[in-house]
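Encoded as C-alpha cells, the structure appears first; notes follow it.
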Amino acid sequence: MSVKTISQALTKYNEGYASSRIDSQVFANFTSEFKSFVSEIDKANAKNESEENIKNIINAFLKKGIYSSDDYTINTKDSIDSAIIRNDKLLVMMEAKKPSNKPEMITVDDINRKAFHELILYYLTESR
C-alpha cells in the first residue's frame, strides 16, 4: 500500500482543499488540542490503560479539537466505539483498540484485522 502525505491526498481529492487557508486561531486551537491528545495517549499507553480509556481520550480530542459545534454528537453508538453524529445522521464510525493490542488493529500494510472486520459489521448493521 502506498503511503501519501496529507497534502498529496487532498490535492488528488480536490485541489481547492490543498490551497485553502485555515483561520490562525482555529489552527492554533487544533494544534494545542492535538498536542494534548498525543500526550494523553502516550500517558495512557505507558499505564497500559483500557480501550475504554483510549476511546474517551479520542472522543474528547474530537469534541475540543475538531467538532466543537453543538451540532455534533461524539459518543458510542450501540457497539460502535466512537460515532460522530449530526442531525441524527451517523457520519463517522471509529473502532478503538489499546495501543498495545497490535494484533487486532490495522496497519499500513495489513487491514485484514479484527478492528476492520468490526467496522464492516457495524457499517452493514447501520445500513440495513
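Overview of results
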{"read-out": "Positions within segment 71-103 being charged (D, E, K, R), farther than 23 Å from ASN48 by Cβ and touching a Ser or Thr at 6+ places or on another chain (Cβ under 8 Å), in sequence order", "value": "ASP78, ARG86"}
{"read-out": "Among residues of segment 10-24, those that are at pLDDT 70 or above, under 22 Å from GLY65 (Cβ atoms) and either surrounded by 12 or more Cβ atoms within 10 Å (Cβ to Cβ) or among the polar types (S, T, N, Q) (or both), counted", "value": "2"}
{"read-out": "Condition met for SER50 (closer than 25 Å to ILE120 by Cα, open to solvent by less than 90 Å² (accessible area, probe 1.4 Å) and either at pLDDT 95 or above or over 16 Å from the mean Cα position of the chain (by Cα) (or both))", "value": "yes"}
{"read-out": "Residues within segment 83-115 that are surrounded by 15 or more Cβ atoms within 10 Å (Cβ to Cβ) and either of a type in the set (A, V, I, L, M, F, W, C) or in a strand (DSSP E or B) (or both), tallied", "value": "10"}
{"read-out": "Residue satisfying condition, being more than 17 Å from the chain's Cα centre (by Cα), closer than 25 Å to ALA9 by Cβ and in contact (Cβ under 8 Å) with a residue 40 or more places away in the chain, within set ASP78, ASP23, ASP109", "value": "ASP109"}
{"read-out": "Among residues of segment 57-82, those that are at positive phi and open to solvent by less than 50 Å² (accessible area, probe 1.4 Å), counted", "value": "0"}
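The values are calculated or read from the model by the stated rules, or taken from the named source; none is laboratory data. As the structure is a prediction and not an experimental result, all values here were calculated from the model. Virtual Cβ from ideal backbone geometry, glycine too; neighbours counted across all protein chains shown. In case anyone asks, the SASA skips ligands and DNA or RNA and just uses the protein heavy atoms, side chains included. Shrake-Rupley method; radii C 1.70, N 1.55, O 1.52, S 1.80 Å.
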